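Written below as structure tokens is the structure these notes are about.
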Amino acid sequence: MDLKKEFEKLPCDINVPEEIERLYQWIEQNGLIETPKGMVGDPTIYHYGRISPDYEINPDITFTTSGQKGINYWFDLEEITDEISSRLVSFAESGFDGSQLAFWLDDNKELRVVHMGSGSGSMLCCVIANNAKEFLSLLSIGYGQLGDVYDFSSSPEEMDKHVKINHSFVDWLDGSFGIKRPRDASGIIKGKAKIGDENTKDLFCLWCNKQFKN
């Protein structure tokens, strides 16, 4: 699962961060890449990887770029615009409700990681990390579905006493990047915004509002 090759197929100006490329290499080295059987069409776009083969171990993230093919529908558009395709690339699914994680270039061409709620489940629509390393730090905390977290100042253990943290992943982050698992995400996600929120300071949410079909 070569993320750089996947991005080369897309009309975007986004370069894969080194930290994320190494994460994909770790996923592959640990045998966590799968291709669902019975898929119609090009099977390569349906490659996906997880941090753990156990779906009960947090975080509940599935890495795949397959969501990019239908990203125009998230904006209620018949076709994707150049503005969206050049600045936004979905690279993961967050949970099972259709929510996505994506790389987004802000107005200053700085790469951010954003959450795009499904609308039918999660409504979370905001920047969740200011860079790739901060995103990995967020993953290490061990929340289940990011869109379901009601309070990012609470730890996963406080929200669910039976939570299962992926300690092998946490140890790899520490050894590879010196990332120590934070107690919670209050120092990473400063504020939450919902899809269509006009009374927010979140730059991604405000940008999305401009892209939605009028």
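For the stretch 136-152, a residue qualifies if it is touching a helix residue (DSSP H, G or I) at 6+ places or on another chain (Cβ under 9 Å) and under 12 Å from P59 (Cα atoms), and the qualifying residues are L136, S137, L138, L139, S140, I141, G142, Y143, G144, L146, V149. Can you work out which of the residues in the stretch 17-33 that are among the β-branched types (V, I, T) and at pLDDT 85 or above is nearest to S90 (Cα to Cα)? Here the answer is I20. Would you call G187 over 26 Å from M123 (Cβ atoms) and surrounded by fewer than 17 Cβ atoms within 10 Å (Cβ to Cβ)? No.
Does P36 satisfy the criteria of being of a type outside the set (A, V, I, L, M, F, W, C), open to solvent by 40 Å² or more (accessible area, probe 1.4 Å) and modelled with pLDDT under 80? So that I can check it myself, show each step before the final result.
Numbers: of a type outside the set (A, V, I, L, M, F, W, C): yes; open to solvent by 40 Å² or more (accessible area, probe 1.4 Å): no; modelled with pLDDT under 80: yes.
Here the answer is no, as P36 does not meet what is asked.
Applying the condition of being hydroxyl-bearing (S, T, Y) and touching a helix residue (DSSP H, G or I) at 6+ places or on another chain (Cβ under 8 Å) to the stretch 39-61 and asking which residue is modelled with the highest pLDDT yields S52. Filter the stretch 79-113 down to the residues that are within 23 Å of M123 (Cβ to Cβ) and loosely packed, with under 15 Cβ neighbours inside 10 Å and list them by number. T81, E83, F96 - these are the residues of the stretch 79-113 that are within 23 Å of M123 (Cβ to Cβ) and loosely packed, with under 15 Cβ neighbours inside 10 Å.
Do any residues in the stretch 169-191 that are free of Cβ contacts under 8 Å to residues at least 40 places away in the same chain have Cβ atoms under 7 Å from those of residues that are surrounded by 13 or more Cβ atoms within 10 Å (Cβ to Cβ) and assigned to a loop (DSSP other than H, G, I, E, B), where the two are at least six apart or on different chains, and which pairs are they? Short answer, once both residue conditions are applied: V170/R181; L173/I179; S186/F152.
The values are calculated or read from the model by the stated rules, or taken from the named source; none is laboratory data. All values derive from a computational prediction rather than experimental measurement. All Cβ positions, glycine included, derive from the backbone under ideal geometry; neighbour counts span all protein chains shown. The accessibility values were calculated without ligands, DNA or RNA, using every heavy atom of the protein model including side chains. Shrake-Rupley method; radii C 1.70, N 1.55, O 1.52, S 1.80 Å.
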